[in-house]
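A.B. asks: Before we start, here is the structure in question, set down as structure tokens.
The values are calculated or read from the model by the stated rules, or taken from the named source; none is laboratory data. This structure is a prediction, so every number in the text was calculated from the model and none was measured. Methodologically, a virtual Cβ is constructed for each residue, glycine included, from the backbone with ideal geometry; neighbour enumeration extends over all protein chains shown.
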Amino acid sequence: MDYMETKRRSNLTKKIVLAAALSALLIFMIKRSPSTYVSTKFSEHEEGVTHVLVTGGAGYIGSHAVLRLLKDKYRVTIVDNLSRGNMGAVKILQENFPEAGRLQFIYADLGDAASVNKIFSENAFDAVMHFAAVAYVGESTAEPLRYYHNITSNTLIIVKAMAAHGVKTLIYSSTCATYGEPKTMPIVENTTQLPINPYGKAKKMAEDIIIDYSKTSNMAVMILRYFNVIGSDPDGRLGEAPRPELREQGRISGACFDAARGIIPGLKVRGTDYGTKDGTCVRDYIDVTDLIDAHVKALAHAKPGKVGIYNVGTGKGSSVKEFVEACKKATGVNIKVDYLDRRAGDYAEVYSDPSKIFNELNWKAKYTNLQESLAVAWRWQKAHINGYEN
């Protein structure tokens, strides 16, 4: 009996020592774990540091915003479901800003209210830049319900989460498509909003939700209505890489580059009978670097209880034919052009009056030469034949 008791006690002692050793090792590993350290950084407010949630931060415009925010010493959380964004862009951002507590990526769908609420409960956000949205006019006319759900409903979920968790600043990514086809140009911020396609209508509804809620709260709101975005990061880190199946829906710049690279046989220009100087649509093309600068200035000027609404454009319009000629010169390729019938939901002429944003935020577009902006984007395209995959 004495022998068996001694043996049992010896085994128990060994187990206790082993358990203690494992516990000590586990505690050591947890303390040394970067993810735990980063999690603490993101879950607590820190004096002098602004933590910005960037929805759609893996997308074309959103990733450029994240890059600028990180350069300006903000703390950033990206939330993206990668339906239109690209994990390759996130990896570039992570490689350029590897310090703990600077950047985190969360894979989530903004349409899932429970997931969104969990993200807000686990992170200490100071502001939200809401970019995430499907954003093709033609696609919106073919799939209107998808657009109302993705843009309008998802924005409602974001605003409700902000309200529930006391996040007081919202910079909202809107669009000139909310104006529709005004009778007079240029467009000013109080131009009547009469959108003519589901994309513009869904964005206007989202704006209305934000503005109506702001009247009952102390939220600081900035709504930026974009015109047509082009260009890419001048240092060549980020660019535009839409999924192949979206090429038909994408921006004209992407189509020009695809034609120049021989991915598609030529460029399709839809509509040559508009009442414009050469019959093609006229648009206000804004460089993405300028656009993101407007966001940073908007964030800096956001005030509790105030709503700022601003057009973000150059103040001048260029026709599609002029755009194509600039793209030919930027790429050095004589792109084949096919002229087709109008596309449903398009409008003839849209360009901005950016006076208000200059007067109130001291913002003005700097990169206004079409050919130069396209040349910068073209360099990225040539260096990334397969998008972010290479």
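A.B. asks: Residues being surrounded by fewer than 17 Cβ atoms within 10 Å (Cβ to Cβ) and out of contact with any Lys or Arg (no Cβ under 9 Å at 6 or more places or on another chain): count how many of those fall in region 119-152. Even if it seems obvious, please write down each step before you answer.
C.D. replies: Restricting attention to region 119-152, the residues satisfying the condition of being surrounded by fewer than 17 Cβ atoms within 10 Å (Cβ to Cβ) are 121-122, 142-146, 149.
Now drop any that are not out of contact with any Lys or Arg (no Cβ under 9 Å at 6 or more places or on another chain), which leaves 121-122, 142-143, 145-146, 149.
So the answer is 7.
A.B. asks: Quick check: anything in region 101-110 out of contact with any strand residue (DSSP E or B) (no Cβ under 7 Å at 6 or more places or on another chain), modelled with pLDDT of 95 or more and of a type in the set (Gly, Ala, Ser)?
C.D. replies: no
A.B. asks: If you don't mind, another one. Is it the case that some residue within region 205-224 is within 17 Å of the chain's Cα centre (by Cα), of a type outside the set (D, E, K, R), crowded, with 17+ Cβ neighbours inside 10 Å and within 30 Å of Asp258 (Cβ to Cβ)?
C.D. replies: yes
A.B. asks: Another question, if that's okay. Hey, among the residues in region 331-356 that are out of contact with any Asp or Glu (no Cβ under 8 Å at 6 or more places or on another chain) and in a helix (DSSP H, G or I), which one's farthest from Lys366 (Cα to Cα)?
C.D. replies: Step by step, filter region 331-356, then rank; the result is Thr331.
A.B. asks: How about region 62-103: which of its residues are among the basic types (Lys, Arg), assigned to a helix (DSSP H, G or I) and in contact with an Asp or Glu (Cβ under 8 Å, 6 or more places away or on another chain)? Steps first, answer last, please.
C.D. replies: The first filter runs over region 62-103 and keeps only residues among the basic types (Lys, Arg), leaving 68, 71, 73, 75, 84, 91, 102.
With assigned to a helix (DSSP H, G or I) added as a condition, the list becomes 68, 71, 91.
Residue satisfying the conditions is Arg68 alone.
A.B. asks: Residues being closer than 16 Å to Ile357 by Cα, small (Gly, Ala, Ser) and assigned to a loop (DSSP other than H, G, I, E, B): count how many of those fall in region 296-305.
C.D. replies: Taking region 296-305 first, the residues closer than 16 Å to Ile357 by Cα are 296-303.
From what is left, the residues that are small (Gly, Ala, Ser) are 298, 300, 302.
From what's left, assigned to a loop (DSSP other than H, G, I, E, B): 302.
Final tally of qualifying residues: 1.
A.B. asks: Picking from Arg243, Arg225, which residue would you name as being at pLDDT below 95 and among the basic types (Lys, Arg)?
C.D. replies: Numbers: Arg225 fails: at pLDDT below 95.
Exactly one residue qualifies, and that residue is Arg243.
A.B. asks: Here is a further query. Hey, any hits in region 122-135 for a residue that's closer than 25 Å to Met222 by Cβ and out of contact with any Ser or Thr (no Cβ under 8 Å at 6 or more places or on another chain)?
C.D. replies: Within region 122-135, none of the residues are closer than 25 Å to Met222 by Cβ and out of contact with any Ser or Thr (no Cβ under 8 Å at 6 or more places or on another chain).
A.B. asks: For Ala298, only one of the following conditions fails: (1) in contact with a Cys (Cβ under 7 Å, 6 or more places away or on another chain); (2) within 30 Å of Asn218 (Cβ to Cβ). What is its number?
C.D. replies: The single condition Ala298 does not satisfy is (1).
A.B. asks: Tell me which residues, restricted to region 256-295, are part of a helix (DSSP H, G or I), over 17 Å from the mean Cα position of the chain (by Cα) and touching a residue at least 40 places away in the same chain (Cβ under 8 Å). Step through it out loud before you land on a result.
C.D. replies: Step one: of region 256-295, the residues part of a helix (DSSP H, G or I) are 256-260, 288-295.
If we keep only those that are over 17 Å from the mean Cα position of the chain (by Cα) too, we end up with 256-260.
Of everything in region 256-295, those that are part of a helix (DSSP H, G or I), over 17 Å from the mean Cα position of the chain (by Cα) and touching a residue at least 40 places away in the same chain (Cβ under 8 Å) turn out to be Cys256, Phe257, Ala259, Ala260.
A.B. asks: Pick from Ala206, Ala220, Ala202, Ala163: which is among the small types (Gly, Ala, Ser), modelled with pLDDT of 95 or more and in contact with a Pro (Cβ under 6 Å, 6 or more places away or on another chain)? Step through it out loud before you land on a result.
C.D. replies: On the way: Ala206 fails: in contact with a Pro (Cβ under 6 Å, 6 or more places away or on another chain); Ala202 fails: in contact with a Pro (Cβ under 6 Å, 6 or more places away or on another chain); Ala163 fails: in contact with a Pro (Cβ under 6 Å, 6 or more places away or on another chain).
After ruling out the rest, the residue left standing is Ala220.
A.B. asks: Something else about it: Just checking, how many residues over region 315-340 are among the aliphatic types (A, V, I, L, M), more than 29 Å from Ile187 (Cα to Cα) and surrounded by fewer than 15 Cβ atoms within 10 Å (Cβ to Cβ)?
C.D. replies: Residues in region 315-340 being among the aliphatic types (A, V, I, L, M), more than 29 Å from Ile187 (Cα to Cα) and surrounded by fewer than 15 Cβ atoms within 10 Å (Cβ to Cβ): 0 in total.
A.B. asks: With the structure loaded, tell me whether Thr191 is under 19 Å from the mean Cα position of the chain (by Cα), surrounded by fewer than 22 Cβ atoms within 10 Å (Cβ to Cβ), of a type in the set (S, T, N, Q) and more than 19 Å from Tyr136 (Cβ to Cβ) or whether it fails that test. Write out each step before concluding.
C.D. replies: Details: under 19 Å from the mean Cα position of the chain (by Cα): no; surrounded by fewer than 22 Cβ atoms within 10 Å (Cβ to Cβ): yes; of a type in the set (S, T, N, Q): yes; more than 19 Å from Tyr136 (Cβ to Cβ): yes.
No; evaluated as a whole, the condition is false for this residue.
A.B. asks: Among the residues of region 121-147, write down those that are in a helix (DSSP H, G or I) and out of contact with any Gly (no Cβ under 9 Å at 6 or more places or on another chain). Spell out the reasoning first.
C.D. replies: Residues of region 121-147 in a helix (DSSP H, G or I): 121-122, 137-142, 144-147.
Once the filter is applied, which keeps residues that are in a helix (DSSP H, G or I) and out of contact with any Gly (no Cβ under 9 Å at 6 or more places or on another chain), region 121-147 yields Ser121, Glu122, Glu139, Ala142, Pro144, Leu145, Arg146, Tyr147.
A.B. asks: Further, regarding this structure: Check region 117-127 and report whether any residue there is touching a residue at least 12 places away in the same chain (Cβ under 8 Å) and on the phi > 0 side of the Ramachandran plot. Outline the logic, then answer.
C.D. replies: Step one: filter region 117-127 for residues touching a residue at least 12 places away in the same chain (Cβ under 8 Å), giving 117, 119-127.
So of that shortlist, the ones also on the phi > 0 side of the Ramachandran plot come out as none.
So far as region 117-127 goes, no, none of its residues is touching a residue at least 12 places away in the same chain (Cβ under 8 Å) and on the phi > 0 side of the Ramachandran plot.
A.B. asks: Of the residues Ala377, Ala344, only one is surrounded by 15 or more Cβ atoms within 10 Å (Cβ to Cβ), within 30 Å of Ile223 (Cα to Cα) and hydrophobic (A, V, I, L, M, F, W, C); which?
C.D. replies: Working: Ala344 fails: surrounded by 15 or more Cβ atoms within 10 Å (Cβ to Cβ).
One residue alone meets the criteria, Ala377.
A.B. asks: Moving to a separate point now. Would you point out which residue out of Ala177, Ala114, Ala161 is surrounded by fewer than 17 Cβ atoms within 10 Å (Cβ to Cβ) and either not basic (Lys, Arg) or not in a helix (DSSP H, G or I) (or both)? Break it down stepwise before answering.
C.D. replies: Values: Ala177 fails: surrounded by fewer than 17 Cβ atoms within 10 Å (Cβ to Cβ); Ala161 fails: surrounded by fewer than 17 Cβ atoms within 10 Å (Cβ to Cβ).
Every option except Ala114 fails the conditions.
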